[in-house]
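These notes are about the structure you will find just below.
Bear in mind these aren't lab numbers, they're just calculated from the coordinates by the rules spelled out. This is a predicted model, so every value here is computed, not measured. In this analysis, Cβ positions are derived from the backbone assuming ideal geometry, glycine residues included, and neighbour counts consider all displayed protein chains.
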Amino acid sequence: MTGSSNEGKTPPIYEDLVRERGDVVADAQAAAEQAQYQAAQLLGSHPLHQPHLPGI
């Protein structure tokens, strides 16, 4: 079975929403990674992977 012609492309409605309201999904992912990193630091362990955290 082959993929659709939109495979790998962002749907236009999502692009419009990102322009209007910001990329909430990316912001939430960055916040979750930062929280995981901070929790690992406070607990003295190391995260399984080192996330790229802008500003840290």
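The distance between label points at residue 15 and residue 41 comes to 3.7 nm (points 7 Å beyond Cα on the Cα→Cβ vector).
Ordering of 30-36, 16-22 by packing is 30-36, 16-22, highest average first (other Cβ atoms within 10 Å, averaged per residue).
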